[in-house]
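A single structure is presented below for examination.
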Amino acid sequence: MILVQCWIEHPVRSLDQTFTYLYDRPLTAGTRVQVFFNRRLSVGFVESAQETNETKEQIEERLGMKLQTVQSVLDEQSLITDELHDLAMWMSKTTLSTVISCFQAMLPAKVKPHTGTQKAVTEKWVSVSEAAVELTPKQLEAYAFVRDNQPMLYSRLRSEYPNQASILIRKGALAEQVKERTATIAETAELVKPLPLTEDQQTVKDEIESSSDSVFLLRGVTGAGKTEVYLQIAKNILDRGKQVLILVPEISLTPQMIERVSSRFGNDLAIYHSALNAQEKYEQYRMVMTGKARVVVGTRSAVFLPFTDLGLIVMDEEQDSSYKQENQPAYHCRDIAIWRGQYHHCKVILGSATPSLDSYARALKTVYHLVSLSKRINLTLPDTVIVPMKQCMKQGQSYILSDTLIQKMEERLKKKEQCILLLNRRGYHAVMRCRSCQTPVICPHCDLAMSYHRDERIMKCHACGYQMKLPAVCPSCGSREGYSAFGYGTQKLEQILQEKFPEARLLRMDADTTSVKNGHASILDAFSRHEADILLGTQMIAKGLDYPNVTLVGILNGDEGLNRTDFRSCETTFDLLMQAAGRSGRSNVSGEVVFQVFDPDHYAVQCAAAQDYELFFKYEMQFRHAGQYPPYTYLISLTAVNAVQSRAEKTALWLKQNLNGSYKTIGVISLLKIQDRYRYRIILKGRDLEQMRNDVRQALEQKECPDVSSIRIDVNPTEMD
Ligand code: ADP
Ligand code: ZN
Ligand code: ZN
């Protein structure tokens with residue numbers, strides 16, 4: 001008999017353990033099986049399979065319980081490596097999530113240990129067999145065709161010899177083989193040679209390559225030449241036969257990165273991101289596992305690919321919020337990258353113009369090795385103008401486009417240069433208020449104001465996507481007087497621009513215009529071919545674009561983010577302003593940046609205008625110290641989420657009462673309702689993260705803990721709103 005231990009998806013945290021089953025044939029760890037669990041056929045993930053000489057009865061006697069048998073085996077080969085197995089165990093401990101949820105986060109959808117999985121796509125191959133059979137001349141011809149090109153896809157044979165193909169198999173002249181379909185990497189045309197490095201770049205490259213440290217923070221303003229340094233270090237690693245992983249925040253927003261990597265490394269490259277379909281992801285997964293893919297450029301989940309011989313990990317724009325997974329398990333890609341770097345004894349380079357406060361603080365404490373590129377390759381930084389909107393509005397200027405911005409745009413457009421305008425709110429009007437009682441139209445499923453979208457004449461909730469017509473009768477006071485509009489989004493901005501600059505060609509990029517496949521790419525391509533003069537959009541245009549002809553960037557409502565209650569709101573605002581400013585003047589033409597803000601004296605605005613990261617860091621660390629926020633402390637956020645309000649509240653209260661130690665327990669905080677779910681949160685804040693984790697784990701394992709499966713756990717949360 002084989003004793004099988006497997007992980008099974010179930011909601012009870014105290015049961016985060018393996019379950020025992022029996023099987024009569026050998027099994028491989030890391031494969032999926034079907035088993036009955038609570039009388040339901042479920043998918044289990046095999047942890048171990050041990051052979052024993054005992055019979056079923058003897059085993060049951062020894063263990064003192066009845067055992068069931070494995071119903072079927074879904075995979076022949078292990079889906080993971082030993083490394084990924086250890087990683088899942090570590091992740092489960094550090095993020096306080098179940099082991100099975102960690103395996104699920106790692107594996108592509110096709111092979112997730114999840115009940116109701118899809119199957120991998122297979123294809124049939126043929127080759128000639130040894131058997132001596134009599135064949136007609138035409139059959140012989142088909143046979144020779146296979147012999148000269150084997151192994152051959154059956155579909156190819158059938159298209160050449162439709163009448164002979166199946167007969168040859170039936171006669172036994174050809175042997176069939178069913179294999180999983182594998183990805184083919186697109187051939188790239190011409191490879192581009194590396195650029196000769198500047199002195200600064202060479203120094204940084206030498207320092208990283210010769211140091212025995214493992215984690216590096218490479219700080220350099222946008223355009224300083226970080227990417228070129230990554231690529232040249234990667235080249236040396238590849239030449240030694242090792243694999244390279246390059247993590248980027250969002251593929252569709254960084255088309256230039258893909259272009260540069262593929263023109264450098266050609267056929268060795270695999271690209272892994274959320275827009276791939278399940279089959280494509282699975283194929284890329286297998287290619288990395290078999291070592292066929294040697295360089296991978298990918299987003300967050302690429303950090304789990306089954307590399308066998310990793311020689312370098314690069315994480316570009318390491319401060320980007322997309323690296324943090326908010327769902328369970330709430331992991332940070334950076335932590336995973338560093339763990340894997342240690343496992344493979346390879347270097348990890350974190351790159352950024354505006355490193356996260358946490359990383360920079362670590363670098364100053366020499367936990368990470370800090371290297372910097374201080375100058376832009378083209379040696380100029382854009383000139384920044386801060387426009388105080390309150391004053392402008394008092395003088396009767398438009399609350400959307402200040403006179404300063406309009407005048408600068410006119411100048412640039414006259415010279416046939418391009419402008420980018422960034423407004424972090426989509427839709428037409430931000431809020432519609434009842435004319436009688438002033439109550440805004442609120443989403444029936446969330447506690448959030450809905451925005452008016454004029455294109456479709458519809459109200460949309462940006463949190464849950466719910467849409468509805470503007471109600472004829474105010475739900476709050478019953479009045480029929482109608483609504484007044486407040487605030488503005490990208491749709492309204494587009495209309496204003498059309499009126500102001502009737503000659504200019506506009507492109508709008510936001511969640512509404514990019515929902516079609518390749519929506520991002522087609523807009524960005526059109527803009528880079530200068531098919532438009534002005535690109536306007538939400539924060540998605542602030543990232544990684546490199547357009548030499550853009551000489552003016554305007555940021556509207558640039559400090560809106562400061563109004564959020566999150567302790568990181570200054571950091572994210574500073575980051576957005578810095579990045580957006582980095583879009584301007586990327587070539588020899590000098591660039592300009594306009595910040596339209598309501599609080600021009602705020603240090604986040606002032607430091608971004610001066611492109612002074614260091615000064616911002618100093619101010620922000622003072623603020624974090626005063627409030628005892630990270631990186632001075634650690635946080636764990638526990639949120640009870642439930643459709644029944646009283647249940648969510650009760651769970652949070654119970655957690656508060658049962659979590660007391662040498663840390664602060666903050667809350668219970670009532671959050672906005674989202675998607676019909678009430679949310680109540682408590683936050684642990686302290687210096688001893690290990691103790692905080694242990695206490696949470698123990699609390700969750702108590703029988704008395706209400707509704708455990710409804711508790712969302714986030715260790716080191718990045719978003720607190
Ligand atoms: P970053 O990643 O820091 O934003 P990049 O590596 O993208 O910077 O470089 C910015 C621009 O400068 C790119 O257009 C790139 O092609 C160019 N560049 C980078 N390194 C060199 C070099 N050594 N010589 C000439 N041009 C370079
Ligand atoms: Zn009303
Ligand atoms: Zn909603």
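The values are calculated or read from the model by the stated rules, or taken from the named source; none is laboratory data. Fair warning: this is a prediction, and the values are worked out from it, not measured in the lab. Here the Cβ positions follow ideal geometry from the backbone for every residue, glycine too, while neighbour counts run over all protein chains shown.
Take residue 485 and tell me if it is part of a strand (DSSP E or B), farther than 30 Å from residue 551 by Cβ, more than 16 Å from ligand 3 (Cβ to nearest atom) and of a type in the set (Gly, Ala, Ser).
Yes; evaluated as a whole, the condition is true for this residue.
Can you tell me which residue in segment 502-551 is farthest from residue 260 (Cα to Cα), limited to those that are in a loop (DSSP other than H, G, I, E, B) and within 16 Å of ligand 1 (Cβ to nearest atom)?
Here the residue is 549.
Hey, among the residues in segment 623-647 that are of a type in the set (S, T, N, Q) and under 30 Å from the mean Cα position of the chain (by Cα), which one's modelled with the lowest pLDDT?
So, considering only residues that are of a type in the set (S, T, N, Q) and under 30 Å from the mean Cα position of the chain (by Cα), the one modelled with the lowest pLDDT is 628.
Give me the pairs: first residue in segment 439-459 and basic (Lys, Arg), second residue more than 16 Å from ligand 1 (Cβ to nearest atom) and not in a loop (DSSP other than H, G, I, E, B), beta-carbon distance under 9 Å, and six or more apart or on different chains, which are they?
Partner pairs satisfying both residue conditions: 454/429; 454/491; 454/492; 454/495.
May I ask you to list pairs of residues, at least six apart or on different chains, whose Cβ atoms are under 9 Å apart, with the first in segment 87-103 being in contact (Cβ under 8 Å) with a residue 24 or more places away in the chain and farther than 20 Å from residue 708 by Cβ and the second being part of a helix (DSSP H, G or I) and hydrophobic (A, V, I, L, M, F, W, C)?
Note: pairs meeting the criteria are 87/102; 87/106; 87/304; 87/336; 87/339; 90/102; 90/339.
Could you identify the single residue in 467, 407, 418 that is modelled with pLDDT of 90 or more, surrounded by fewer than 16 Cβ atoms within 10 Å (Cβ to Cβ) and in the same structural domain as residue 561 (by TED's automatic domain parsing)?
After applying the criteria, what remains is 407.
For the condition surrounded by fewer than 17 Cβ atoms within 10 Å (Cβ to Cβ), within 30 Å of residue 210 (Cβ to Cβ) and either small (Gly, Ala, Ser) or touching a strand residue (DSSP E or B) at 6+ places or on another chain (Cβ under 6 Å) (or both), what is the one hit in 398, 356, 352, 374?
374
Is there a residue being within 21 Å of residue 537 (Cβ to Cβ) and surrounded by fewer than 22 Cβ atoms within 10 Å (Cβ to Cβ) anywhere in segment 567-575?
yes
Examine segment 443-461 for a residue that is surrounded by 17 or more Cβ atoms within 10 Å (Cβ to Cβ), over 30 Å from residue 644 (Cα atoms) and away from ligand 2 (no atom under 16 Å from the Cβ), and state whether such a residue exists.
Yes; the residues of segment 443-461 include at least one that is surrounded by 17 or more Cβ atoms within 10 Å (Cβ to Cβ), over 30 Å from residue 644 (Cα atoms) and away from ligand 2 (no atom under 16 Å from the Cβ).
Shifting gears a bit: Please return the ranges of strands (runs of 3 or more DSSP E) entirely within segment 250-318 where 2 or more residues are in contact with a helix residue (DSSP H, G or I) (Cβ under 7 Å, 6 or more places away or on another chain), in contact (Cβ under 8 Å) with a residue 60 or more places away in the chain and within 24 Å of residue 355 (Cα to Cα).
It comes to 310-316.
When you scan segment 494-511, do you find a residue that is within 16 Å of ligand 3 (Cβ to nearest atom) and at pLDDT below 90, even just one?
Yes, some residue in segment 494-511 is within 16 Å of ligand 3 (Cβ to nearest atom) and at pLDDT below 90.
Within segment 611-622, track down each residue that is of a type in the set (Ser, Thr, Tyr) and modelled with pLDDT of 95 or more.
Within segment 611-622, 619 is the sole residue that qualifies.
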